[in-house]
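The values are calculated or read from the model by the stated rules, or taken from the named source; none is laboratory data. Fair warning: this is a prediction, and the values are worked out from it, not measured in the lab. With ideal geometry, Cβ positions are generated from the backbone for all residues, glycine too; neighbour counts draw on all protein chains shown.
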Amino acid sequence: MNGRGSVSAWCIDHPVATLLLTFALVLLGVIAFPRLPIAPLPEAEFPTIQVTAQLPGASPETMASSVATPLEVQFSAIPGMTQMTSSSALGSTNLTLQFTLNKSIDTAAQEVQAAINTAAGRLPADLPNLPTWRKVNPADSPVLILSVSSSLIPGTELSDVTE
């Protein structure tokens with residue numbers, strides 16, 4: 001390295017070798033790039049549980065105050081919960097519980113069932129069934145929902161064109 005001791009000095013002193021080395025690195029990158037594994041979405045299971053309660057004929061306000069609120073109080077005591085959202089409509093309430101990524105979905109499900117059982121005494125007596133829960137993976141939801149219509153093309157042909 002002629003005593004200068006730096007990579008840049010060597011590159012200046014040996015331009016052909018530098019060019020060949022650069023070309024070799026670019027070629028290696030071009031060869032390696034198609035071999036990189038690519039996943040559309042990461043393979044992560046987000047511990048999320050959706051709880052549903054039905055009380056036919058009840059107003060959204062009644063569902064929120066007499067069904068969602070007692071459940072929310074019990075669910076808020078579950079350790080590792082990061083977010084809770086609820087929505088009430090005519091005769092139904094949906095609560096979505098999200099937990100930290102390191103929490104087992106099975107453990108969370110057991111704790112949710114225990115919270116539902118604890119809240120059962122505070123729920124309306126005319127509630128036909130206890131609230132139900134199901135495991136949900138937000139990564140399984142569709143990325144795109146497409147709707148296509150035409151007054152000129154028949155439905156079966158439109159389906160083929162869309163696919």
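General observations
- In the range 9-65, the qualifying residues are those that are among the β-branched types (Val, Ile, Thr) and in a strand (DSSP E or B), and the one that is nearest to the chain's Cα centre (by Cα) is 48.
- Remark: residue 119 matches the filter, which requires a residue to be surrounded by 12 or more Cβ atoms within 10 Å (Cβ to Cβ), out of contact with any strand residue (DSSP E or B) (no Cβ under 9 Å at 6 or more places or on another chain) and under 25 Å from residue 52 (Cα atoms).
- If you filter the range 66-102 down to residues that are more than 15 Å from residue 131 (Cβ to Cβ) and aliphatic (A, V, I, L, M), you find that the one that is farthest from the chain's Cα centre (by Cα) is 90.
- Checking the stated criteria, residue 137 turns out to be touching a residue at least 40 places away in the same chain (Cβ under 8 Å), farther than 21 Å from residue 76 by Cβ and within 24 Å of the chain's Cα centre (by Cα).
- Scanning the range 1-58 for residues being surrounded by 11 or more Cβ atoms within 10 Å (Cβ to Cβ), modelled with pLDDT of 85 or more and closer than 30 Å to residue 141 by Cβ gives a total of 10.
- Restricting 108, 114, 89, 68 to residues that are closer than 21 Å to residue 127 by Cα, surrounded by 18 or more Cβ atoms within 10 Å (Cβ to Cβ), in the same structural domain as residue 130 (by TED's automatic domain parsing) and among the hydrophobic types (A, V, I, L, M, F, W, C) narrows the list to 68.
- Out of 160, 106, sole residue that is under 19 Å from the mean Cα position of the chain (by Cα), at pLDDT below 95, in a helix (DSSP H, G or I) and over 30 Å from residue 57 (Cβ atoms): 106
- Residue in the range 75-85 that is outside the structural domain of residue 132 (by TED's automatic domain parsing), of a type outside the set (Lys, Arg) and touching a Phe, Trp or Tyr at 6+ places or on another chain (Cβ under 7 Å) present: no
- Whichever residue in the range 135-157 is of a type in the set (D, E, K, R) and within 30 Å of residue 94 (Cα to Cα) and, among such residues, is modelled with the highest pLDDT: 135
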